[in-house]
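Scroll down for the structure; my scribbles are underneath it.
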Amino acid sequence: MLRNELFTLLDSSLGVTPEYLWASYPNYAVFRHPGSKKWFAILMDLPPTKLGLSGDELTDVLVLRCGPVLTGSLLSQNGFYPAYHMNKTNWVSTLLSGPLPAQELQDLLTLCYDAVAPKRRPRR
């Protein structure tokens with residue numbers, strides 16, 4: 001998947017657009033839930049060596065907030081790595097151009113989005 005395809009997917013399926021928070025990292029995009037304002041994904045361009053892979057050319061890495069159970073499960077699958085620069089218990093990294101099919105990535109993004117949604121409070 002390409003960067004612009006990810007942006008289109010998130011906008012059309014979840015109504016979320018990228019936020020660019022750091023002037024020194026103009027290609028780093030944060031995606032947050034509009035209700036809770038919590039991040040559920042970050043897109044960074046990094047050298048593969050940051051994930052323990054070989055290569056020097058920058059590549060798009062998607063870091064997803066998954067929670068401990070899903071993170072543990074994903075790390076046992078091909079194409080997922082410990083989170084770069086985030087809490088490794090709750091976050092996981094994958095290459096945007098990696099082996100994950102577009103539909104599976106969309107489903108995973110929806111899970112991450114739902115996980116940070118505001119919690120409903122019981123009525124009294």
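Answer yes or no: is there a residue in region 42-51 that is over 23 Å from SER12 (Cβ atoms), of a type outside the set (A, V, I, L, M, F, W, C), assigned to a loop (DSSP other than H, G, I, E, B) and without any contact (Cβ under 8 Å) to a residue 24 or more places away in the chain. The answer is yes; a qualifying residue exists.
The set of residues in region 4-32 that are surrounded by fewer than 16 Cβ atoms within 10 Å (Cβ to Cβ) and among the charged types (D, E, K, R) comprises GLU5, ASP11, GLU19.
Test THR49 against the criterion of being surrounded by fewer than 18 Cβ atoms within 10 Å (Cβ to Cβ), touching a Gly at 6+ places or on another chain (Cβ under 8 Å) and at pLDDT below 95, and give yes or no. In short, yes. Scanning region 69-90 for residues that are modelled with pLDDT of 90 or more and of a type outside the set (Gly, Ala, Ser) gives VAL69, LEU70, THR71, LEU74, LEU75, GLN77, ASN78, PHE80, TYR81, PRO82, ASN90. The residues of region 60-85 that are surrounded by 14 or more Cβ atoms within 10 Å (Cβ to Cβ) and in a helix (DSSP H, G or I), listed by number, are LEU70, THR71, LEU74, LEU75.
Select from region 99-124 the residues that are part of a loop (DSSP other than H, G, I, E, B) and touching a residue at least 12 places away in the same chain (Cβ under 8 Å) and write down the one among them that is least open to solvent (accessible area, probe 1.4 Å). Within region 99-124, the match that is least open to solvent (accessible area, probe 1.4 Å) is VAL116. Is it fair to say LEU43 is surrounded by 12 or more Cβ atoms within 10 Å (Cβ to Cβ) and out of contact with any Pro (no Cβ under 8 Å at 6 or more places or on another chain)? Taking the combined requirement at face value, the residue does not satisfy it.
The conditions of being crowded, with 18+ Cβ neighbours inside 10 Å, touching a residue at least 12 places away in the same chain (Cβ under 8 Å) and in contact with a strand residue (DSSP E or B) (Cβ under 7 Å, 6 or more places away or on another chain) are met by LEU96.
Within region 101-124, the set of residues being more than 12 Å from the chain's Cα centre (by Cα), of a type outside the set (D, E, K, R) and modelled with pLDDT of 90 or more comprises PRO101, ALA102, GLN103, ALA115, VAL116, ALA117, PRO118.
The values are calculated or read from the model by the stated rules, or taken from the named source; none is laboratory data. What you see is a predicted model; the values in this text were computed from it and never measured. Neighbour counts run over all protein chains shown; Cβ positions are idealised from the backbone, glycine included. Ligands, DNA and RNA are stripped out before the accessible areas are found, and what is left, the full protein with its side chains, is counted by its heavy atoms. Shrake-Rupley method; radii C 1.70, N 1.55, O 1.52, S 1.80 Å.
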